[in-house]
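The values are calculated or read from the model by the stated rules, or taken from the named source; none is laboratory data. The structure presented is a predicted model; accordingly, all values stated were derived computationally and were not measured. Quick reminder, even Gly has a Cβ in these numbers, built from the backbone with ideal geometry, and neighbours come from all protein chains shown.
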Amino acid sequence: MNLIHQWSLGQLLNEPRPYRLIATPEPNCNLACEHCYFSHKHVSPTIQPLVFQWGEALSFALNNDIEVLCAGRVMSKRAVDFVWYYIAAAKVHQKEVRLSVVDNGYTVFNLEPHFDHINTFNISIDGADKAHDKQRRMEGSARVAWKAIRKLKRKGYDPLLSSCLSPITMSGWNEFEKEVEQTDVRLSVSLTLDVGSTRSPSIFSKQDERERALELLVTGIPKLVQIYDTRDIEPLHKVLGDSVIWEKSENLPGMTTALDNGVVIVYRPLSVLRLVEFLMDHEGTVFCHLNPETSTLELNKKELLAWSIWKHGGI
Ligand code: SF4
C-alpha cells in the first residue's frame, strides 16, 4: 500500500485530507541555489512520458479536491507534459482544475498554452539583484525573474512574488521592497529553513540575525509572511509585542495574524505541513513532505521509517 492508500494517518489525527500535492515532475534545475532543499546532482529521468506513473497521484488529488502545486523544478517539457496531463485528467474526471505553479522566471512561459488554467503563478525573487544573484548562484537571475513578472502582468495575470529571506538577501532588502511596491506585485516571504545537514551562508545561524530578519518582515510594505519554524515565534512576539492575536487560518492549516500596516503573518509549523502536504517526485512517487533520496534535509527516525514504508509498499 502506498501513501495515497494510507493517508488514514491524517484521519487518525482528525485531519480530513491533505490540502495540497506539491508535484516536482522535473528532477533537474537550471540553477543550484544556496538555499535549495533538493540535491543538485543530475538525475536522468527514466521513461518519458510518465503519465501512467503520475495518474494515481493526480486522480487522488482530483477526487479529493486537493490543490496541485507544480513546483518544477523548472518548466521543462516533462513538467509541461505533467500540467497538460493534469488538465486532461480533470476534464475526464469532470473536476475543477486547482493548479498553481512556482518558477524561477526562466521557464514559466513554456506553460503559456495552459495559462488560463493556472490559479496562481509564483515567481521567486529573494531580494535585491546582487543578493538574489548570490543566493541563486547565477548572475542576472533576478532580472530574468523580474522580466517574467512584468510580462505576466502585461498579459493580465496577477503573479505572486515568492521570496526567501536569508542572511544573504537581508542586504538591500528595503531597496527590493521599493521595486516590489513600484511594480505593484503581491509579495510573500518566508525565512530560509535551518533544517539541513550542511551549513550554508543562506541559513540563519545567529539568533540576533533572525530577530532582525523578522523585524524587517513585519515592517515595510504590505506582504504575506510565512513562518514555518517554531523557533521564530518567541522572537516574533518580542518584535510585535504581546498584543498580537493569532486566529485559526480559514483555508490552510495554521494560525494567522494581521497587522495594521497590511502585513499578514501565517504560522504553519513544518510538523503540521508534513502531515497535510503530500509531495510527488518526478516518477510519481507520493511521500510525506520529504524524500530522503533526493533531499538534503535530515529526517528523524520516525519520518525515515514512515517514508520507507510508503515508498516500499506497506508494512
Ligand atoms: S530554482 Fe528552486 S529548485 Fe532550482 S535550485 Fe533554486 S531553489 Fe532549487
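Go through (1) at pLDDT 95 or above; (2) in contact with a helix residue (DSSP H, G or I) (Cβ under 8 Å, 6 or more places away or on another chain) one by one and return the number of the condition residue 229 breaks.
(1)
Whether any residue in segment 192-205 is buried (at least 21 other Cβ atoms within 10 Å of the Cβ) and away from the ligand (no atom under 16 Å from the Cβ) is what I want to check.
yes
Please go through segment 88-107 and pick out each residue that is farther than 14 Å from residue 24 by Cα and of a type in the set (A, V, I, L, M, F, W, C).
Of everything in segment 88-107, those that are farther than 14 Å from residue 24 by Cα and of a type in the set (A, V, I, L, M, F, W, C) turn out to be 88, 89, 90, 92, 97.
Give the residue, chosen from 62, 58, 69, that is closer than 22 Å to residue 19 by Cβ, within 16 Å of the ligand (Cβ to nearest atom) and either in contact (Cβ under 8 Å) with a residue 24 or more places away in the chain or assigned to a strand (DSSP E or B) (or both).
Within the list 62, 58, 69, the selection yields 69.
Residues 30, 2: which one is at pLDDT 75 or above and either part of a loop (DSSP other than H, G, I, E, B) or over 25 Å from residue 194 (Cα atoms) (or both)?
Answer to the selection: 30.
Are any residues in segment 257-289 farther than 17 Å from residue 20 by Cβ and without any contact (Cβ under 8 Å) to a residue 24 or more places away in the chain, and if so, which ones?
257, 258, 260, listed by residue number.
Which members of segment 247-270 meet the condition of being surrounded by 13 or more Cβ atoms within 10 Å (Cβ to Cβ) and part of a loop (DSSP other than H, G, I, E, B)?
Those that are surrounded by 13 or more Cβ atoms within 10 Å (Cβ to Cβ) and part of a loop (DSSP other than H, G, I, E, B): 249, 252, 253, 254, 259, 263, 268, 269.
Restricting to segment 99-117, name every residue that is crowded, with 19+ Cβ neighbours inside 10 Å and without any contact (Cβ under 8 Å) to a residue 60 or more places away in the chain.
Scanning segment 99-117 gives 99, 101, 103, 105, 108, 111.
Do we find a residue being in contact with a Cys (Cβ under 9 Å, 6 or more places away or on another chain), at negative phi and part of a loop (DSSP other than H, G, I, E, B) anywhere in segment 113-134?
Looking through segment 113-134, at least one residue is in contact with a Cys (Cβ under 9 Å, 6 or more places away or on another chain), at negative phi and part of a loop (DSSP other than H, G, I, E, B).
Can you name every residue in segment 20-35 that is near the ligand (Cβ under 9 Å from one of its atoms) and in contact with a strand residue (DSSP E or B) (Cβ under 6 Å, 6 or more places away or on another chain)?
35
Looking at segment 36-50, I want the residues that are within 16 Å of the ligand (Cβ to nearest atom) and have a partner that is modelled with pLDDT of 80 or more and among the acidic types (Asp, Glu) with Cβ atoms under 9 Å, at least 6 apart or on another chain. Which pairs are those?
As it stands, the answer is 45/26; 45/283, since those pairs meet every condition given.
It is to be established whether one or more residues within segment 138-151 are in contact with a helix residue (DSSP H, G or I) (Cβ under 7 Å, 6 or more places away or on another chain), of a type in the set (Asp, Glu), surrounded by fewer than 16 Cβ atoms within 10 Å (Cβ to Cβ) and not in a strand (DSSP E or B).
Within segment 138-151, one or more residues are in contact with a helix residue (DSSP H, G or I) (Cβ under 7 Å, 6 or more places away or on another chain), of a type in the set (Asp, Glu), surrounded by fewer than 16 Cβ atoms within 10 Å (Cβ to Cβ) and not in a strand (DSSP E or B).
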